[in-house]
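The values are calculated or read from the model by the stated rules, or taken from the named source; none is laboratory data. From a predicted model like this one, the values you see are computed outputs, not experimental measurements. Here the Cβ is made from the backbone with ideal geometry for all residues, glycine too, and neighbour counts use every protein chain on show. With ligands, DNA and RNA removed, areas are computed over all heavy atoms of the protein, side chains included. Shrake-Rupley method; radii C 1.70, N 1.55, O 1.52, S 1.80 Å.
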Amino acid sequence: MSDLCFRRARVDDAAAVAELVNLAYRGESSRRGWTTEADLLDGRRTTPGEVRHLIETHESQVLLCLRQDELLGSVHLEREGDDVHIGMFVIRPEWQGNGLGKQLLHSAEGAALDAWPVKKAVMHVITCRHELIAFYLRRGYMRTGVLRDFPENPSMWTPRVTGLQLEVLEKRLTRRQGDGLDGLFYGE
């Protein structure tokens with residue numbers, strides 16, 4: 001899709017990003033896509049206030065994927081030393097399976113390299129999300145074998161299954177001439 005635009009979120013985008021993240025991860029609406037967590041968790045994934053905080057935090061940015069003015073996807077990037085943590089990666093459920101996730105992830109990696117001197121992308125994925133882990137493995141991420149308990153936050157969400165865990169995935173980030181990372185991120 002050549003009519004996509006990738007840009008950093010502004011504070012006035014926070015409510016739309018939170019709505020998209022909740023739509024894509026939780027509840028019945030998320031079942032239209034393949035990245036749903038509806039069978040694993042009840043409740044919300046985030047709030048407009050949390051997204052606003054992420055947008056305003058130093059060494060953090062939320063990248064948007066837009067088609068004309070329609071918000072199709074978003075991802076949170078946060079620098080942690082030489083690493084960039086990738087989280088809240090979502091594509092609107094009805095647009096999943098069209099290659100947008102690949103483009104947004106690729107653009108996010110480029111945006112991280114543009115913003116910070118990072119060497120590695122790190123993400124946490126629920127271990128029972130085999131199809132999602134496979135997606136990231138096809139994008140060059142590696143399984144580390146490092147497992148963490150899924151965080152508890154009863155005011156926001158409750159697990160529908162017991163024993164949820166996250167696995168840390170990593171990918172070395174380098175900018176090589178002709179790697180396609182240039183020119184994807186269109187600034188503020």
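Taking the stated definitions as given, is Glu131 part of a helix (DSSP H, G or I) and over 27 Å from Asp3 (Cβ atoms)? Against the criterion (part of a helix (DSSP H, G or I) and over 27 Å from Asp3 (Cβ atoms)), Glu131 qualifies. Looking at Ala111, is it open to solvent by less than 10 Å² (accessible area, probe 1.4 Å) and under 21 Å from Asn153 (Cβ atoms)? Judged against the criteria, Ala111 is not a match.
Could you grab me the full set of residues in the range 24-60 that are touching a residue at least 60 places away in the same chain (Cβ under 8 Å), out of contact with any strand residue (DSSP E or B) (no Cβ under 8 Å at 6 or more places or on another chain) and open to solvent by 40 Å² or more (accessible area, probe 1.4 Å)? Matches in the range 24-60: Arg31, Arg32, Trp34, Asp39.
Scanning for something open to solvent by 60 Å² or more (accessible area, probe 1.4 Å), without any contact (Cβ under 8 Å) to a residue 40 or more places away in the chain and assigned to a helix (DSSP H, G or I), does the range 2-11 turn up at least one residue? Before the answer, list the steps.
Initially, the range 2-11 is screened for residues open to solvent by 60 Å² or more (accessible area, probe 1.4 Å), giving 2-3, 8, 10-11.
If we keep only those that are without any contact (Cβ under 8 Å) to a residue 40 or more places away in the chain as well, we get 2.
Subsequent filtering for residues that are assigned to a helix (DSSP H, G or I) retains none.
Looking through the range 2-11, none of the residues is open to solvent by 60 Å² or more (accessible area, probe 1.4 Å), without any contact (Cβ under 8 Å) to a residue 40 or more places away in the chain and assigned to a helix (DSSP H, G or I).
Leu132 fulfils the conditions (1) under 24 Å from Glu80 (Cβ atoms); (2) free of Cβ contacts under 8 Å to residues at least 60 places away in the same chain except for a single criterion, (2). Number of residues in the range 129-149 that are open to solvent by less than 60 Å² (accessible area, probe 1.4 Å) and either at pLDDT 95 or above or farther than 24 Å from Arg79 by Cβ (or both) equals 10.
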